[in-house]
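Working notes for the structure below.
The values are calculated or read from the model by the stated rules, or taken from the named source; none is laboratory data. In this text the structure is predicted, and so the values were computed from the model without any measurement. Cβ placement follows ideal geometry from the backbone for every residue including glycine, while neighbour counts extend to all protein chains displayed.
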Amino acid sequence: MEYTAHPTAVVDEGCTIGKGTRIWHFSHIMPGCDIGESCNIGQNVVISPGVVLGNNVKIQNNVSIYTGVVCEDDVFLGPSMVFTNVTNPRSAVNRRDQYARTVVKKGASIGANATIVCGHDIGEFAFIGAGAVVTKNVPAYALVVGNPARQTGWMSEYGHKLRFDAQGIATCPESGQTYQLKNNTVNRVS
């Protein structure tokens with residue numbers, strides 16, 4: 001076994017777990033999910049069948065990742081954040097064949113207690129504030145907060161708010177990386 005699981009964790013047969021991944025107390029990894037290398041899966045996490053996690057995904061305590069969710073490399077999921085997978089759930093109506101797909105792109109961070117309504121993708125390096133309720137797609141590098149979530153700015157790959165000059169150029173204060181804002185889209189240029 002190339003991953004580590006706490007004795008109280010339940011890891012079902014039929015899942016794939018990458019080298020160096022750590023699974024903590026009372027978590028449940030269900031069959032048919034695919035977990036990459038060097039992930040950290042916190043306490044009381046449930047990962048449902050068909051979920052795909054890239055490498056170096058960090059999942060804090062009390063998160064359920066339901067069928068239909070894909071998290072690319074380097075995604076951060078804050079404590080008690082929520083994914084949904086059916087847009088109109090009813091207890092008496094079986095909609096297991098109607099799970100909506102949600103993709104969280106490389107490097108995105110989702111804050112504590114945020115809710116991601118299914119079928120809405122989170123762009124690369126986007127930053128979802130704590131408690132936000134995401135009801136539409138979030139562009140790459142966007143900072144969104146509130147309920148419903150609204151974009152209030154742009155974030156660097158190191159998680160700093162970007163301040164663009166008159167030419168649409170911003171520099172991350174920590175990394176020195178340069179970004180360009182053009183046509184309401186941010187790209188890293190160096």
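Per the conditions (1) more than 26 Å from Ala114 (Cα to Cα); (2) of a type outside the set (Phe, Trp, Tyr); (3) modelled with pLDDT of 95 or more, the sole criterion not satisfied by Met1 is (3).
Go through the residues of the stretch 14-34 one by one and say whether even a single one is among the acidic types (Asp, Glu), part of a loop (DSSP other than H, G, I, E, B) and surrounded by fewer than 21 Cβ atoms within 10 Å (Cβ to Cβ). No, every residue in the stretch 14-34 fails to be among the acidic types (Asp, Glu), part of a loop (DSSP other than H, G, I, E, B) and surrounded by fewer than 21 Cβ atoms within 10 Å (Cβ to Cβ).
Only one of the listed residues (Lys136, Lys182) is in the same structural domain as Thr115 (by TED's automatic domain parsing) and among the basic types (Lys, Arg). That residue is Lys136. Somewhere in the stretch 62-83, is a residue assigned to a loop (DSSP other than H, G, I, E, B) and in contact with a Leu (Cβ under 6 Å, 6 or more places away or on another chain)? Yes; the residues of the stretch 62-83 include at least one that is assigned to a loop (DSSP other than H, G, I, E, B) and in contact with a Leu (Cβ under 6 Å, 6 or more places away or on another chain).
In the stretch 85-114, the residues that are over 25 Å from Tyr158 (Cβ atoms) form Cβ pairs under 7 Å with partners that are of a type in the set (Ser, Thr, Tyr), at six or more places apart or across chains, as follows: Asn85/Tyr66; Asn85/Thr67; Asn85/Tyr99; Val86/Tyr99; Tyr99/Thr67; Ala100/Thr87. Quick one: is Ala166 aliphatic (A, V, I, L, M), loosely packed, with under 13 Cβ neighbours inside 10 Å and assigned to a loop (DSSP other than H, G, I, E, B)? So Ala166 fits the description; yes.
Scanning the stretch 176-189 for residues being surrounded by 13 or more Cβ atoms within 10 Å (Cβ to Cβ) and not hydrophobic (A, V, I, L, M, F, W, C) gives a total of 6.
Hey, does the stretch 69-76 have a residue that's farther than 24 Å from Val117 by Cα, surrounded by fewer than 19 Cβ atoms within 10 Å (Cβ to Cβ) and of a type in the set (D, E, K, R)?
Within the stretch 69-76 (the criterion being farther than 24 Å from Val117 by Cα, surrounded by fewer than 19 Cβ atoms within 10 Å (Cβ to Cβ) and of a type in the set (D, E, K, R)), the answer is no, since none of the residues qualifies.
Filtered by the rule that a residue be part of a loop (DSSP other than H, G, I, E, B) and farther than 15 Å from Lys58 by Cβ, the stretch 106-130 gives Asn113, Val117, Cys118, Gly119, His120, Asp121, Gly123, Glu124, Ala126, Gly129, Ala130.
Every residue, every condition in (1) touching a His at 6+ places or on another chain (Cβ under 8 Å); (2) surrounded by fewer than 22 Cβ atoms within 10 Å (Cβ to Cβ); (3) within 18 Å of Val144 (Cα to Cα); (4) at pLDDT 95 or above, yes or no:
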position	(1), (2), (3), (4)
Met81	no, no, yes, yes
Thr87	no, yes, no, no
Ala92	no, yes, no, yes
Asp97	no, yes, no, no
Gly111	no, yes, yes, yes
Ala114	no, no, yes, yes
His120	no, yes, yes, yes
Phe125	no, no, yes, yes
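Whether any residue in the stretch 148-157 is polar (S, T, N, Q) and crowded, with 16+ Cβ neighbours inside 10 Å is what I want to check. Looking for residues that are polar (S, T, N, Q) and crowded, with 16+ Cβ neighbours inside 10 Å, one finds at least one in the stretch 148-157, hence yes. Scanning the stretch 132-163 for residues that are polar (S, T, N, Q), over 30 Å from Val86 (Cβ atoms) and part of a strand (DSSP E or B) gives no hits.
Contact map, the stretch 136-147: first residue under 14 Å from Ser109 (Cβ atoms) and modelled with pLDDT under 95, second residue part of a loop (DSSP other than H, G, I, E, B) and among the acidic types (Asp, Glu), Cβ cut-off under 7 Å, separation 6 or more or different chains; the map is empty. Return yes when Gly54 is buried (at least 18 other Cβ atoms within 10 Å of the Cβ), within 22 Å of Gly32 (Cβ to Cβ) and among the small types (Gly, Ala, Ser) and no when it is not. Here the answer is yes, as Gly54 does meet what is asked.
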